Amino acid sequence: MAAAKIKKGDRVIVLSGKDKGRQGDVIQALPKEGKVVVEGINVHARHVKPTQGDPQGGIKRSAAPMHVSKVAHVTADGKPTRVRFETRDGKKVRVAVKTGEVING
């Protein structure tokens, strides 16, 4: 399995689909499925019947996973960039291809 180029807490921009151009933070990474969950992006509604645990019921909205290839890391100026790995000071770090800056995490 390859190392994760996009991780939980990263700021990403959506490259394709109904939410194209929108930005958000990754709240969950699913590396085995190759998917990420981005806060406020790819929101799906589910109609839920009232139960004892949730007497209100109603329409519940939640962010659904989307494929990792549909998102890209965002640079400081808000533009998408690819991510590569480099060895700096004996440590493997993630680096933004466009700017060359190290991505924390």
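Each value in this text was obtained by applying a stated rule to the coordinates, not by laboratory testing. These figures come from a predicted structure and were not determined experimentally. Don't worry about glycine lacking a Cβ; one is built from the backbone with ideal geometry, like all the others, and counts go over all protein chains shown.
Brief remarks follow.
- When you filter the GluC sites (Glu not before Pro) in the chain for DSSP loop state and at most 16 other Cβ atoms inside 10 Å of their Cβ, you are left with 33, 39, 101.
- Under 26 Å from residue 8, Cα to Cα: lysines that are on another chain or at least 8 residues apart: 18, 20, 32, 35, 60, 70, 79, 91, 92, 98
- Two-decimal Rg to Rh for the stretch 1-97 - Kirkwood Rh, Cα set: 1.11
- Take the Cα of residue 87, go 7 Å toward its beta carbon, and the backbone nitrogen atoms of the stretch 1-42 under 17 Å from that spot belong to 3.
- Gain in span if fully extended, residue 69 to residue 16, counting 0.36 nm per residue against the direct Cα distance: 18.2 nm
- In the elastic network of the chain, a GNM with C-alpha springs shorter than 10 Å, the most mobile of 41, 59, 13 is 59.
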